[in-house]
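See below for the structure under consideration.
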Protein chains: 2
Amino acid sequence: NHVSTMGRNMVNQRADVGWQSSKSDSSGVSNSGESSKESSRCSTPVLDADRTDRLRDKMKRRIESGDHWFSLEFFPPRTASGAVNLISRFDRMGSGGPLFIDVTWHPSGDPGSDKETSSMMIASTAVNYCGLESVLHLTCCNQTKEKITAHLNKAKRLGLKNIMALRGDPIGEDWVEEDGGFNYATDLVKHIRCEFDDYFDICVAGYPTGHPEAESYDNDLRHLKEKVDAGAHFIVTQLFFRAETFLRFVKDCRAIGITCPILPGIFPIQGYHSLRQLVKLSKLEVPEEIMQVIEPIKDNDAAIRSYGIQQAVEMCKVLLASGEVPGLHFYTLNREVATIEVLRQLGLWAEDPRRPLPWAVSAHPKRKVEDVRPIFWASRPKSYIYRTQDWDDFPNGRWGNSSSPAFGELTDYYLFYLKSKSPKEALLQMWGEELMNEGSVYEVFTNYITGQTNPSGHKVMCLPWNDDALAPETNLLKDELEKVNRRGILTINSQPNINGKPSSDPIVGWGPAGGYVFQKAYLEFFTSSENVTALLQVLKKYEPRVNYHIVNVQGKNITNAHEMQPNAVTWGIFPGREIIQPTVVDPVSFMYWKDEAFALWIEQWVKLYEDESPSRMIIQYIHDNYFLVNLVDNDFPLDSCLWQVIEDMFALLDSPRATQEEGSQS
Amino acid sequence: NHVSTMGRNMVNQRADVGWQSSKSDSSGVSNSGESSKESSRCSTPVLDADRTDRLRDKMKRRIESGDHWFSLEFFPPRTASGAVNLISRFDRMGSGGPLFIDVTWHPSGDPGSDKETSSMMIASTAVNYCGLESVLHLTCCNQTKEKITAHLNKAKRLGLKNIMALRGDPIGEDWVEEDGGFNYATDLVKHIRCEFDDYFDICVAGYPTGHPEAESYDNDLRHLKEKVDAGAHFIVTQLFFRAETFLRFVKDCRAIGITCPILPGIFPIQGYHSLRQLVKLSKLEVPEEIMQVIEPIKDNDAAIRSYGIQQAVEMCKVLLASGEVPGLHFYTLNREVATIEVLRQLGLWAEDPRRPLPWAVSAHPKRKVEDVRPIFWASRPKSYIYRTQDWDDFPNGRWGNSSSPAFGELTDYYLFYLKSKSPKEALLQMWGEELMNEGSVYEVFTNYITGQTNPSGHKVMCLPWNDDALAPETNLLKDELEKVNRRGILTINSQPNINGKPSSDPIVGWGPAGGYVFQKAYLEFFTSSENVTALLQVLKKYEPRVNYHIVNVQGKNITNAHEMQPNAVTWGIFPGREIIQPTVVDPVSFMYWKDEAFALWIEQWVKLYEDESPSRMIIQYIHDNYFLVNLVDNDFPLDSCLWQVIEDMFALLDSPRATQEEGSQS
């Protein structure tokens, strides 16, 4: 009665003694000797299998349930700004629910380096910061074993768990087989299994029409069988243009005993020239019936794209209908539109993805048990992951226990995946070529909330603390946010209170079906010290309903947090589960966030202006003198009182008595 | 900026570096360098200071806040049934909120032994099973150092943290001081501090009129000063009859430099003879004004008790009004009425105690972080504590993490604190001298729920699984429970669903003020295998709304629990805190509970009847053939569907179709 759950064998030794009287194992009746996976661990996250399974197991489950999947192939970018764009493409395309993505290996581009454009870094970023199950390509041709092992070790260290083992193209014409070297992908597969045992899931390439260099199609099939026998877990094929090409190939593979999943490589034709180039590189022939359609419209890009989508959809439909194809692999060429359109038409694109938690989960194996984060980084999750990347464990899925959290240094604004997607010119257009006074800054915040154009005719699409548009749930608070930003409550984070909405709610829902989600109202903003003085006066009336943390750049910290305990502000109740509380207002990490939040004024905004310019001095003044405030309304079943708190603050500031008092003190 | 919180120094090293720019410490402004107590620990219990502080610290806080307290002194019982009664008295008197209780040391009664009547066992039970802060008396006269150290080590091992250090009465007339032995309480205090450093909080005795054997009152005061200087933390005085006696004593103590708390020993006169005996033992003189009142009414017990209460109340009022008395210590003589009445009149008795958690918290230091329990032991918390007493730690306040919980052996029904308070005869009267059939058992359960008398004229005050009357919240379900018990759904545990009631709710509330508590509806019962067959059929309609575990005595287990994860069924949301989820339905511990729940049929009920008697065979049959079922309705915001589930089950059993099917199968 040892039950293997999620790839682990866990045996309840004690239970074995007492509960074994009955061994009945009829369907629906689980024998009592079965041990609970994490039976004695309470208040743990719901570890959805998708979060913990290995790629091979995810495929197995999908094949068993008959759920078709898709995967997406990308190549590393050439420039740093290309990397920034690719990473945000990962976020966008990740939302459609690929089973995995893969990143190609370019031997000439220093693929294993720490460069922001390297294959290794791009794949690592996809895993760690975008939460995508990722496969890193690796070619072995002309490489020493030491070099390959070093690459694999680095990949493992970075949290990569899957390798696409390839031979790669020999460099130069004079390539000959080396004795004991890597001459074929099979050698690489063997090496990976030899050096890393079962750690990596391994993918190998299949050629539906035979490898161009293979002696024969049959010979190539035998090579493929060798690769699989050496320890590969699944096959992705080279692109092809006819469904029957692939289906015959699968049939032939099965005939010689290849049993692993075989994923067809799909290439939606996106342009005449890219097709020509690809065909040349891959030594494929484009079927006559396709050339006949394309040639006449070769100068009409839109028409070709439209045809490419239609052609891919129809081929995919045939493939999926065959019952031989569990998932589709897309050669995206780093583009979004065509692939997404094909997936939409196939019904494979997740239009309204269910969120397992309110924040995007990292795919690094070390973080799989992580289930709580401070709310402060809600709009900067990559920064949070970066700054906590050295945490060795997340006991009970949480942060280090009795010791204080050791956040990474505040250098994240140098990292490509945290750079603003907008160039300096665009930021100046949004945030003001020239600022007149603090009120100009209030206007920028207000315009970001309202979506209105500023006087120079530009929409404010981002702020230093929010590189994206307002979250849907923040939109619920739009009117109130606009009102307070106009008066100098410069909001950078907020959430409405939620009193038991279904977990399926399209805006605030998350977690398994049949549950209920809750939130306490939260508001975080910068504001002047005058406002803070009045606010503190007002907050006395709201004890203990409202918790606050107020801090300036020097670290002067004012709070009413009970013994500096964290305050849970997002939680969910689910059928048959423990409570999940993924978001907290944590007093300690707020002090680390404070450093980052204030630094963003400087790093992203001040630096737009010339030294000594009035604009620069205005932002610098705000950085030096404003306070960062966060407020939680603990009374989640009632309407949020936080707007009333702000109104009371302004009322106090406007009241003659307050003015009198100030007058008499001066 | 090292901040000592709750007696521990915790320094946030990392924070020290970054946050020290401001050192302002003006009131209301906590310097940011302050470290959070458990800042990085999420989903932890609210450790109320009362749960974690040492006794000396609790006193300090109460003195600072001006909250008067009371404490209660008991002596160990002579018989096992006396012990059972005393333990339930601890539970009742504990509900009034004593700051601590203390248990006297009887050198002639094997006080350090494992006997159920020993001082050591009684004090240990008070701490571990009744959750009472307890002080164990210890006398040193005629004892070797080794023996004393052994007692102290045992006390420490059992979770006792406080010692009342006494000399004790020398046995025999020929006592002489021993060199290097324990001649005075001071020697014992020194020994405790020498051998156990600061581990124990130490109390010593004060004599407001001087110790009877002391050379003089002043000499005795000097002795007391020595005891305090040797390391005692507070003083409890011998009883006295006039407030001024105590107040003068305190003044004299303060004059010679005794600064620790001095608690007056209060003795409400409860009878003429007990007063005479006590006075003789303690060599005290009863003041003339008291004797004049008492002598004339010495045969009227009620009148003397009434006078004793009135006299004690008036004296206590003077003491408390003096400002010199932070708390009152009561010599209860193991009786409840007089002491409780005095405390009620003084307004010190907690009429409606706030529960920190829905279950009674053990006072063992090891368990102070415990904050979740399986619901199964809700009516048998002492059994749960007993069976988990060997658990070394409660990581994050929870059960051992990845390993399975190791429950103690099922021997608890031999333990005195788990024995039924009712003797065999009373149990027979309640549960039936003679059972006719299973229906007779249904009637016993039904009568327990309704409180009606059974045919022989007795009320069913307890069941093997419930030694007390129905809990107030179970009363909310009374009508439904009655209905189903009548038909053979033999309920032993249940709770209603609660969707956000205030934490101050008198029936279901718990935890800090200003919070909201929640529950999922829960029902646990024994029922026949025929019923279970129909129930399983019905439950299909209630997926995934209802979770169930169904098990028979052999351990055949049927469940739809998701990967055997625990299901949180009680939780609370509080201002500025993390979520607390103190009660879960845990699949693994259910299998341990099952053993206990089935064993109680045998241990408590079967054994009432003669071998081979029909009554015995009926209970034995139920034990052997019935199933134990628990049901959770996950949809806590809606009315519980569990009664409908049961109704559907009976409807299915009653339907002709079901009968037909059964017929066709046979």
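The values are calculated or read from the model by the stated rules, or taken from the named source; none is laboratory data. All values reported here derive from a predicted model rather than from experimental measurement. As a convention, Cβ positions derive from the backbone with ideal geometry for all residues, glycine included, and neighbour counts pool all protein chains shown. Accessible surface areas use protein heavy atoms only, side chains included; no ligands, DNA or RNA. Shrake-Rupley method; radii C 1.70, N 1.55, O 1.52, S 1.80 Å.
The simple spin-label model puts a point 7 Å past each Cα toward its Cβ; for B:E563 and A:E563 those points are separated by 3.2 nm.
Normalised by residue count, segment B:373-654 yields a Cα convex hull volume of 139 Å³ per residue. A Förster radius of 60 Å, combined with the Cβ-Cβ distance separating B:E195 from B:E244, puts the computed FRET efficiency at roughly 0.90. Label-to-label distances for B:R248 across copies, nearest first, come out at 11.8 nm, using points 7 Å from Cα in the beta-carbon direction. Short-range pairs are left out: with C-alpha atoms under 8 Å and at least six residues apart, the relative contact order of segment A:373-654 is 21 percent.
Hydrodynamic analysis of segment A:509-666 uses the Kirkwood radius over alpha carbon pairs. Inserted into Stokes-Einstein at 10 °C and 1.306 mPa s, it gives a translational diffusion coefficient of 89 µm²/s.
Between the amide H of A:T237 and those of A:G206, A:L263, A:G265, distances stay under 5 Å, these residues lying 5 or more places away or on another chain, with hydrogens modeled in the peptide plane. If R0 is 35 Å, the Cβ-Cβ spacing of A:A321 and A:A513 corresponds to a FRET efficiency of close to 0.75. Measuring gaps between exposed loop sites in chain B (GluC sites (Glu not before Pro); DSSP loop; at most 14 other Cβ atoms within 10 Å), the longest gap, sites not included, is B:435-609.
Axis of helix B:243-255 versus longest Cα principal axis of chain B: the two differ by about 70°, to the nearest ten degrees. In this structure, A:D624 and A:S306 have a Cβ-Cβ separation that, at R0 = 56 Å, corresponds to a calculated FRET efficiency of about 0.50. Under the simplified labelling scheme, the A:T52-A:Q292 pair shows an inter-label distance of 5.6 nm, with each label point 7 Å from Cα along Cα→Cβ. Using a 1.4 angstrom probe on protein heavy atoms only, the contact between A and B buries about 6600 square angstrom of accessible area, both sides summed. Dipole magnitude for the protein assembly as shown: computed about the Cα centre from +1 point charges on Lys and Arg Cβ and -1 point charges on Asp and Glu Cβ, it is near 0 debye. Legend: translational diffusion of the protein assembly as shown by Stokes-Einstein, Rh = Kirkwood radius over C-alpha pairs, 37 °C, 0.692 mPa s; D = 90 µm²/s. Here the dipole of segment B:485-577 is about 160 debye; that uses its Cα centre as origin and unit charges on the Cβ of Lys and Arg (positive) and Asp and Glu (negative). Between A:T533 and A:Q554, the simple spin-label model (points 7 angstrom out along Cα→Cβ) gives 1.5 nm.
Exposure check, 1.4 Å probe, all protein chains in place: A:S124 carries approximately 10 Å² of accessible surface.
In summary, chain A shows an alpha-carbon radius of gyration equal to 1.09 times the 2.2 N^0.38 Å reference for compact globular proteins.
Of interest is the spacing of the C-alpha centroids, which for segment B:282-322 and segment A:315-364 amounts to 87 Å.
Once backbone amide H atoms are built at 1.01 Å from N, A:W69 has A:G327, A:L328 as its partners under 5 Å, excluding neighbours fewer than 5 places away on the same chain. Sorted from closest to farthest, the other copies place their B:Y272 label points 12.5 nm away, with each point set 7 Å from Cα along Cα→Cβ. Phi-derived couplings, Karplus 6.51 cos²θ - 1.76 cosθ + 1.60 at θ = phi - 60°, listed residue by residue for segment A:286-295: 7, x, 3, 5, 7, 4, 4, 6, 6, 3 Hz, with x used for Gly and Pro. Between this copy and the others, label points of A:I507 are 3.6 nm apart in ascending order, each placed 7 angstrom from Cα in the Cβ direction. In segment A:148-297, the convex hull through the Cα atoms has an average projected area of 10.7 nm², a quarter of its surface area. Rounded to the nearest 20 debye, the dipole size of segment B:55-346 about its Cα centre is 860 debye, using +1 on the Cβ of Lys and Arg and -1 on the Cβ of Asp and Glu.
Post the alpha-carbon centroid distance, segment A:186-213 to segment A:454-493, in whole angstrom. For segment A:186-213 versus segment A:454-493, the Cα centre distance is 50 Å.
Calculate how steeply helix A:642-654 sits against the longest principal axis of the alpha-carbon atoms of chain A, using the helix alpha-carbon long axis, and give the answer as 0 to 90 degrees to the nearest 10. The angle comes out at about 30 degrees.
Which angle between 0 and 90 degrees, to the nearest 10, do you get for helix B:217-229 versus the longest principal axis of chain B when only C-alpha atoms count? Computed tilt is about 50 degrees. Per-residue ellipticity at 222 nm computed for the protein assembly as shown from its helices equals -11000 deg cm²/dmol, with DSSP H segments shorter than 4 residues left out and the rest contributing -39,500 (n - 2.57).
Estimated at the nearest 10 Å², the accessible area of A:R61 is 100 Å² with a 1.4 Å probe. Computed over all pairs of different Cα atoms, the Kirkwood value for the hydrodynamic radius of segment B:55-346 is 19.5 Å.
The Cα atoms of segment A:449-581 cover 50, 44, 25 Å along the three principal axes, with the biggest extent listed first.
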